[in-house]
Amino acid sequence: MNVIIDKQEFEDGAFIIHKRGDVSTDYWHCRVKVPGQNRYKTKCLKTSDLKEARKTAYRFYLDIENKVENKIPIYSKTFKEVTKEYCEIQDRRAAVNEITQKSANVNKDHVKSWINQYIGKKQVSSFKEEHFFEYVEWRKLQKPTHSSSQG
């Protein structure tokens, strides 16, 4: 079964609207080529009306264009990206003696071995309350897969 059906292209291929053959709804979806990147941003338009879908898709396309032009992030950060920033902060805190380097290393090991292993590739914006409870249960069943920072 084709995943993309009823495909319609706009703005010289800058964005398309289509229906999906792999879902049970009759909603239109939009896919926008992100300028300057080899990536796309997609969105369910939550309407089965073609005219409304075209209007909503065009607004979505303009929103992406505006974000690119104004250097506003289009994609939510992943947990791995956030934990990397957190680890850098821990090193800076240790460098100014706000915490010890040993404490910084312990903090970094925790996020690298547990958070990244569980949900590192997921976008922060997709994290829901149930993920937290699932993490707690998952964490109790795991053993760390990292090398200790103690030398």
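Criterion first (assigned to a helix (DSSP H, G or I) and either of a type in the set (Ser, Thr, Tyr) or within 17 Å of the chain's Cα centre (by Cα) (or both)) does residue 121 satisfy it?
Numbers: assigned to a helix (DSSP H, G or I): no; either of a type in the set (Ser, Thr, Tyr) or within 17 Å of the chain's Cα centre (by Cα) (or both): yes.
In short, no.
In this structure, is residue 81 within 20 Å of the chain's Cα centre (by Cα), assigned to a helix (DSSP H, G or I) and over 28 Å from residue 128 (Cβ atoms)?
Values: within 20 Å of the chain's Cα centre (by Cα): yes; assigned to a helix (DSSP H, G or I): yes; over 28 Å from residue 128 (Cβ atoms): no.
Considered against the rule, which asks whether it is within 20 Å of the chain's Cα centre (by Cα), assigned to a helix (DSSP H, G or I) and over 28 Å from residue 128 (Cβ atoms), residue 81 comes out as no.
Which one is nearest to residue 43 (Cα to Cα), of the residues in the range 78-101 that are of a type outside the set (Val, Ile, Thr) and touching a residue at least 24 places away in the same chain (Cβ under 8 Å)? If you could, list the steps in order and put the result at the bottom.
Step one: list which residues in the range 78-101 are of a type outside the set (Val, Ile, Thr), which gives 79-81, 84-88, 90-95, 97-98, 101.
In the following step, the residues that additionally are touching a residue at least 24 places away in the same chain (Cβ under 8 Å) were identified as 79-80, 86-87.
Numbers: 79: 21, 80: 23, 86: 30, 87: 32 Å.
The residue in question is 79.
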Would you mind telling me which numbered condition in (1) over 20 Å from the mean Cα position of the chain (by Cα); (2) closer than 25 Å to residue 121 by Cα residue 27 fails? (2)
One residue is enough: does the range 15-32 have a residue meeting the conditions touching a strand residue (DSSP E or B) at 6+ places or on another chain (Cβ under 6 Å) and under 30 Å from residue 111 (Cβ atoms)? no
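We did not get these values from a lab; they are worked out from the coordinates using the rules stated. In this text, all values refer to a predicted model and were calculated from it rather than measured experimentally. Positions of Cβ are generated from backbone atoms using ideal geometry, with glycine treated the same way; all protein chains shown enter the neighbour counts.
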